[in-house]
Amino acid sequence: MSQTIHPFLSEIAEEVKRGGISRRDFFKYAVICGLSVSAAGKLIGLTGPEIAVAASSIDWKGLELESPFEIKNLLIQKAEEACAKSGCSILNAGRGNPNFLNTEVRKSFALLTLFAAELAQQGSTVKDLGYRQGKSGMAAALQEFLKKHHGDPGEAFLEQAISYALSKVAMDADEIIFQLVDGIQADFYPDPPRIFPVTEQIVRKYLDRVVFSGAPPQGDFHLFATEGATAAMIYIFNSLKENMILNPGDKVAIVTPIFSPYLELPVLKDYGLETVYIRGSEEMDWQVPDSEVAKLKDPRIKALYMVNPTNPTSVSLNADTVKRMAKTIRIHNPDMVIISDTVYASFVDEFNTFGKELPENILGVYSYSKYFGVTGWRLGVVMVHEDCVINRLIKKLPKAKQAQLDLRYRLISTKPGDIPFHERLEMDSRQVALAHTGGISGPQQVAMCLFSLYELTDDDYVYKKSIMDILKKRWTALYTALAMPEPQGKNLTRYYALIDLKKLAAKMYGPAFSEQLTASHSLEFLFKLAENHHTVCLPGEGFAGPNWSLRVALANIDEKNCRDVGLAIVAVMKEYKQSMPA
Ligand SMILES: Cc1ncc(COP(=O)(O)O)c(C=O)c1O
């Protein structure tokens with residue numbers, strides 16, 4: 001690693017001496033910037049023995065893994081300082097939260113809430129107080145209400161959504177409406193806690209469309225509603241550990257580049273797993289070459305972890321890659337658990353899921369966060385096949401281990417050994433003892449139903465086209481400003497762009513300049529972007545991407561801002577060129 005010290009680090013070192021920043025944070029930043037322990041220690045005035053103590057007490061490997069989101073705060077601070085002087089505002093292209101959101105479902109949610117509240121007041125003579133109503137006649141009451149509110153905001157979609165649900169959900173009309181109304185009312189604990197039956201059926205139909213492109217594999221999938229995809233991941237790793245499917249020292253293969261927290265999660269002390277990177281190839285437009293697929297033959301690899309379509313490249317695995325990987329798993333490692341985050345599946349025209357190839361191996365995770373602009377709602381779901389391989393693996397555990405597990409789950413059932421994995425997931429999410437309070441709230445589940453129904457009733461994909469059009473314009477604006485060819489393809493989300501700075505440098509000023517540039521530390525480039533152009537991007541390296549790359553998040557900034565990010569990157573490149581000897 002280069003020992004070049006960016007002036008910003010020297011500034012932070014002064015701040016540490018004044019007590020404004022902790023030593024630990026300083027070492028963290030230093031590691032991210034590629035500084036050795038001794039160089040960092042000297043900067044803050046530590047003596048040799050003090051540096052030795054710091055070196056032995058700090059988890060350097062762990063700090064390196066912390067990088068991209070930690071560095072973001074530092075870059076924001078730098079950009080804000082620059083803006084405070086010049087009066088500009090910072091351009092934050094580091095955030096993955098979309099700035100678009102679905103409005104129609106929100107209106108219909110409000111109308112359904114009104115219906116539920118008015119219904120509860122029936123028969124009550126007490127001010128502002130209602131009672132839980134029985135289900136009989138509830139479907140007809142809702143129809144009456146919708147007639148009365150004809151033309152009100154959200155009414156047209158609510159009517160369409162309800163009529164779709166009544167025709168497609170295999171349940172009595174009053175039962176369907178009762179579960180939705182009772183859910184939105186939320187005066188009872190959600191029951192069953194894993195997911196309401198009506199939510200499960202509706203979300204299944206949505207996932208059939210978005211994840212399986214209308215052609216799901218044989219067999220049923222059970223769902224568990226979670227507080228977004230990230231909570232789902234925690235529950236999955238926790239439950240795989242508790243059920244002795246993933247044990248400390250086991251290997252987990254991770255398809256890279258990937259959303260950086262997913263690099264960090266498996267190696268946490270809680271799990272103690274070893275990671276094996278299955279590296280996508282930039283030359284193959286981020287598909288996975290055979291040499292990397294072959295790593296999956298290792299029987300010590302117990303799980304495969306991926307985001308597809310991924311963050312930060314925006315690329316979805318093509319049919320050939322999915323088939324090659326699935327074939328290797330089927331032949332060499334048929335019990336492998338596949339943990340697949342498909343949060344971005346709604347943003348592509350062509351999506352290929354492992355869920356079709358290996359339905360029994362997949363733990364599929366989906367979130368409504370990005371597509372509908374509901375990150376704050378926390379709406380996610382895990383999908384587990386009825387013949388999930390984990391159920392077989394639990395039965396194959398040594399008797400003593402099965403007995404240990406029976407002790408854990410006997411609180412819930414007299415036949416704990418028969419509890420399937422999708423139920424264990426929910427129970428483990430509340431340490432079994434509090435399993436009856438698991439899952440997400442009723443209103444969250446109703447929101448999930450309405451968002452699903454919105455997509456399901458959009459025969460012409462109008463909403464999807466609008467979202468994709470917004471991102472496409474931003475993508476074009478960025479690449480035009482960079483004067484780089486715009487990546488094309490039906491498998492691109494265009495939610496993020498991973499810019500290869502080495503390639504850009506070579507294209508702008510030739511290979512010799514690119515060599516010269518990459519002799520310094522890539523984070524310096526990000527500092528210059530923040531300092532000189534008040535623009536924040538994240539280092540691609542932190543996502544296990546190429547060393548000299550940066551991630552631009554396009555979902556949170558408008559078209560003009562995307563163009564400005566591109567121009568700022570080009571300008572920093574020019575600054576490097578000017579500062580280098582000819
Ligand atoms: C790949 C991936 N998964 C999950 C999330 C977060 O999902 P949620 O909001 O559902 O927790 C993100 C957010 O950036 C992401 O990029």
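The values are calculated or read from the model by the stated rules, or taken from the named source; none is laboratory data. What you see is a predicted model; the values in this text were computed from it and never measured. Here Cβ is always computed from backbone atoms with ideal geometry, including for glycine, and neighbour counts include all displayed protein chains.
I'd like to know if the range 277-294 contains one or more residues that are hydroxyl-bearing (Ser, Thr, Tyr), in contact (Cβ under 8 Å) with a residue 40 or more places away in the chain and either closer than 26 Å to Ile394 by Cα or part of a loop (DSSP other than H, G, I, E, B) (or both). Give the derivation first.
Filtering the range 277-294 for residues hydroxyl-bearing (Ser, Thr, Tyr) gives 277, 281, 291.
Next, only the ones that are in contact (Cβ under 8 Å) with a residue 40 or more places away in the chain stay: 277.
Still in the running and either closer than 26 Å to Ile394 by Cα or part of a loop (DSSP other than H, G, I, E, B) (or both): none.
No, the range 277-294 contains no residue that is hydroxyl-bearing (Ser, Thr, Tyr), in contact (Cβ under 8 Å) with a residue 40 or more places away in the chain and either closer than 26 Å to Ile394 by Cα or part of a loop (DSSP other than H, G, I, E, B) (or both).
Would you point out which residue out of Glu274, Glu264, Glu282 is farther than 20 Å from Arg424 by Cβ and under 19 Å from the mean Cα position of the chain (by Cα)?
Glu264
Test of understanding: among Val389, Val381, which residue is under 23 Å from the mean Cα position of the chain (by Cα) and modelled with pLDDT of 95 or more? Outline the logic, then answer.
Working: Val389 fails: under 23 Å from the mean Cα position of the chain (by Cα).
None of the other options fit; the residue is Val381.
Taking every residue in the range 95-122 that is free of Cβ contacts under 8 Å to residues at least 40 places away in the same chain and pairing it with any residue that is part of a loop (DSSP other than H, G, I, E, B), at least 6 positions away or on another chain, the pairs with Cβ-Cβ distances below 6 Å are Gln121/Gly130. Of all the residues in the range 196-234, those that are assigned to a loop (DSSP other than H, G, I, E, B) and more than 16 Å from the ligand (Cβ to nearest atom) number 10.
If I ask for residues that are surrounded by 17 or more Cβ atoms within 10 Å (Cβ to Cβ), assigned to a helix (DSSP H, G or I) and more than 21 Å from the chain's Cα centre (by Cα), which ones from the range 429-449 would you list? Selection gives Ala435, Gly442, Pro443, Val446.
Report whether or not Leu35 is more than 28 Å from the chain's Cα centre (by Cα) and modelled with pLDDT of 85 or more. So Leu35 does not fit the description; no. Contact map, the range 375-400: residues that are within 30 Å of Asn99 (Cα to Cα) paired with residues that are assigned to a loop (DSSP other than H, G, I, E, B), Cβ distance under 6 Å, separation 6+ or inter-chain. Pairs shown: Thr375/Asn97; Thr375/Ser369; Arg378/Glu227; Leu379/Tyr368. Considering only residues in the range 505-542 that are in contact with a Ser or Thr (Cβ under 9 Å, 6 or more places away or on another chain) and hydroxyl-bearing (Ser, Thr, Tyr), the one that is surrounded by the most Cβ atoms within 10 Å (Cβ to Cβ) turns out to be Ser522. Scanning the range 187-214 for residues that are of a type in the set (D, E, K, R) and over 20 Å from the mean Cα position of the chain (by Cα) yields a total of 5. Restricting attention to the range 86-119 and to residues that are away from the ligand (no atom under 16 Å from the Cβ) and polar (S, T, N, Q), the residue that is farthest from Phe259 (Cα to Cα) turns out to be Thr113.
Scan the range 247-264 and tell me whether some residue there is of a type in the set (Ser, Thr, Tyr), at pLDDT 95 or above and either out of contact with any Cys (no Cβ under 8 Å at 6 or more places or on another chain) or over 30 Å from Gly183 (Cα atoms) (or both).
Here is the first cut: in the range 247-264, the ones of a type in the set (Ser, Thr, Tyr) are 256, 260, 262.
With at pLDDT 95 or above added as a condition, the list becomes 256.
With the extra rule that they be either out of contact with any Cys (no Cβ under 8 Å at 6 or more places or on another chain) or over 30 Å from Gly183 (Cα atoms) (or both), the set shrinks to 256.
Looking through the range 247-264, at least one residue is of a type in the set (Ser, Thr, Tyr), at pLDDT 95 or above and either out of contact with any Cys (no Cβ under 8 Å at 6 or more places or on another chain) or over 30 Å from Gly183 (Cα atoms) (or both).
Could you tell me whether Lys465 is assigned by TED's automatic domain parsing to the domain that holds Asp335 and exposed (fewer than 15 other Cβ atoms within 10 Å of the Cβ)? Reasoning before the result, please.
Values: assigned by TED's automatic domain parsing to the domain that holds Asp335: no; exposed (fewer than 15 other Cβ atoms within 10 Å of the Cβ): yes.
In short, no.
Given the criteria within 13 Å of Phe26 (Cα to Cα) and either at pLDDT 80 or above or surrounded by fewer than 18 Cβ atoms within 10 Å (Cβ to Cβ) (or both), does Ile76 qualify? Against the criterion (within 13 Å of Phe26 (Cα to Cα) and either at pLDDT 80 or above or surrounded by fewer than 18 Cβ atoms within 10 Å (Cβ to Cβ) (or both)), Ile76 does not qualify. Checked against (1) hydrophobic (A, V, I, L, M, F, W, C); (2) farther than 24 Å from Ile557 by Cβ; (3) modelled with pLDDT of 95 or more, Leu504 passes all but a single condition, namely (2).
When the range 132-174 is filtered for residues that are surrounded by fewer than 14 Cβ atoms within 10 Å (Cβ to Cβ) and of a type in the set (A, V, I, L, M), the ones remaining, listed by number, are Ala140, Ala170.
Before we move on, is Leu246 buried (at least 21 other Cβ atoms within 10 Å of the Cβ), over 23 Å from Ser367 (Cα atoms), touching a residue at least 40 places away in the same chain (Cβ under 8 Å) and out of contact with any His (no Cβ under 9 Å at 6 or more places or on another chain)?
So Leu246 passes the test.
One residue alone among Ala497, Ala435 is farther than 30 Å from Leu35 by Cβ and either assigned by TED's automatic domain parsing to the domain that holds Ala165 or small (Gly, Ala, Ser) (or both), and that residue is Ala435.
I'd like to check something: does the range 302-313 contain any residue that is charged (D, E, K, R), closer than 14 Å to Thr256 by Cβ, touching a residue at least 40 places away in the same chain (Cβ under 8 Å) and not in a loop (DSSP other than H, G, I, E, B)? No, that holds for no residue.
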